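Below: the structure, in structure tokens.
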Amino acid sequence: MRDNRTDALRRALLAVTAALALHLPAPAAPAQETGWPRTIKHAAGEITLAAKPARIVSTSPSLTGILLAIDVPIVATAATTPSGLTDGKGYFSQWAEVADARGVAVLYSNLNFDIESVIGWNPDLLIVSAGGADTALQHYPELRAQGIPTIVVNYFNRPWQEIATEIGRATGHEAEAAAAIRRFDDYAAGVAPSITPPAGPVTIVGYNLAGTYSVSRATSPHAQILKALGFEVAGLPEHIRADPAYRGSDFGFVSRETLSSAIAGETVFLLNGTEKDVETFLADPVLANLPAVRNRRVYPLGPTSFRVDYYSGRQLIDTVAGYFRKS
């Protein structure tokens, strides 16, 4: 029987998916124009930019890594609350050094939206996320009233490459976005020959992340990276795939009690996992009969693996390669 927490998570996920479907239109097809002015359709409407942006500000740390990867002129970004996933300022660790090297300043800390700071940086383009903990969508009317050119980007269940392409079109960095995607693909292709994947399929598991349990689809960004490295990735069982709450979601949420029935892989990778998490997973009596547990084929993907961008994706490649490098 599912517990109340799992049911609540399912309802929340369904609500988010429905909200996005109803209120946040999908990104438009690639714009035909190559110059400026340029009209950009985004998740909350459209905007016409007179010239290629030269002072870009981000209210979304989840998107900042993609902005850095495609070399847009970002001058400031919001910072999240410092944790084991960030540096001392609240920059995600996978891109913090790059941001510092490029002189990217803190827009505001702890995701505490500050319109005065936004105005003070005088951006010619502000980038806001449509959802997630770092969203500032609720302030979009206020930003428009202040005359701040703003686009809203939906990163929910979308690969970073698709987001990079969308932002590249909006900022006039189409070529840089395409180049970043090529670099990433080339990096994975270069690492793959050095790896001997395990026999049989693998499963990516979110184990006790904020009290939740989930299993990756075979089409998730994490799964796509593993496939590029030569792994066979097991997807969600039919009873989860058929649940309307999980349509369009990269991960299907289950209760702890039903987690073992959702893991089809003979090897398990733990999303956001550490070696300590591996030991907890191996010691969980509910999972004792899994082949991955019996054979101790459980591997952590590391703290930056929770959301894949250009930088965390490369770290994920390096982490996995470290486990299965040919001798």
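Computed about the Cα centre, the dipole magnitude for the chain is approximately 480 debye when only Lys and Arg (+1) and Asp and Glu (-1) carry charge, each at its Cβ. Put simply, the Cα atoms of the chain extend 61, 47, 40 Å along their principal axes, the longest span coming first. When Leu282, Leu137 are arranged by Cβ crowding within 10 Å, least crowded first, meaning fewest neighbours, the order is Leu282, Leu137. For Ser58, the residues whose amide H sits under 5 Å from its own are Ala76, Thr77, Ala78, Ile127, ignoring neighbours fewer than 5 places away on the same chain, with H placed 1.01 Å from N.
Note on Leu287, Leu68: ascending count of other Cβ atoms within 10 Å places them as Leu287, Leu68, the fewest first. Between the residues Phe281, Val202, Thr135, the greatest Cα displacement towards the positive end of the dipole of the chain, with unit charges on the Cβ of Lys, Arg, Asp and Glu, is found for Val202.
Beta-bridge orientation, the range 195-324: approximately 50 percent antiparallel, per DSSP, counting only bridges with both partners inside. Residues Trp36, Trp160, arranged from fewest to most other Cβ atoms within 10 angstrom of their Cβ, appear as Trp36, Trp160. Near the amide H of Gly206, within less than 5 Å, lie the amide hydrogens of Ser214, Val215, Ser216, Leu271, all on another chain or at least 5 residues away, with H placed in the peptide plane.
Our note on the geometry: Cα centres of the range 88-135 and the range 149-178, 17 Å apart. For the range 119-185, a simple Cβ point-charge model (Lys and Arg +1, Asp and Glu -1, everything else neutral) yields a dipole of about 60 debye relative to the Cα centre. Tally the DSSP beta bridges in the chain and give the antiparallel ones as a percent, rounded to 5. Percent antiparallel among DSSP bridges in the chain is about 45. When you filter the chymotrypsin sites (Phe, Trp or Tyr not before Pro) in the range 185-228 for DSSP loop state and at most 10 other Cβ atoms inside 10 Å of their Cβ, nothing is left.
For the chain, a Gaussian network of Cα nodes joined below 10 Å ranks Gly273, Gly302, Gly190 by mean-square fluctuation, and the top entry is Gly190. Rounded to the nearest whole Hz, the Karplus-based 3J(HN,Hα) values (6.51 cos²θ - 1.76 cosθ + 1.60, θ = phi - 60°) of the range 311-327 follow the sequence 7, 5, x, 5, 5, 4, 4, 5, 5, 5, 4, x, 7, 10, 5, 4, 7, with x at glycine and proline.
If I build a Gaussian network model for the chain, linking alpha-carbon pairs within less than 10 angstrom, which residue out of Glu275, Glu238, Glu266 has the largest mean-square fluctuation? So, out of Glu275, Glu238, Glu266, the one fluctuating most is Glu238.
Cα centroid separation, the range 39-65 to the range 221-239: 32 Å. Under the convention that each Lys and Arg Cβ holds +1 and each Asp and Glu Cβ holds -1, the size of the dipole of the range 195-324 around its Cα centre is about 120 debye. Rg over Rh of the range 23-175, using C-alpha atoms and the Kirkwood radius, what does it come to? Computed over Cα atoms, the ratio is 0.93. Once backbone amide H atoms are built at 1.01 Å from N, Ile195 has Lys326 as its partners under 5 Å, excluding neighbours fewer than 5 places away on the same chain.
None of the figures in this text is laboratory data; all of them are computed from the coordinates on show. None of these values were measured; they are calculated from a predicted model. Here the Cβ is made from the backbone with ideal geometry for all residues, glycine too, and neighbour counts use every protein chain on show.
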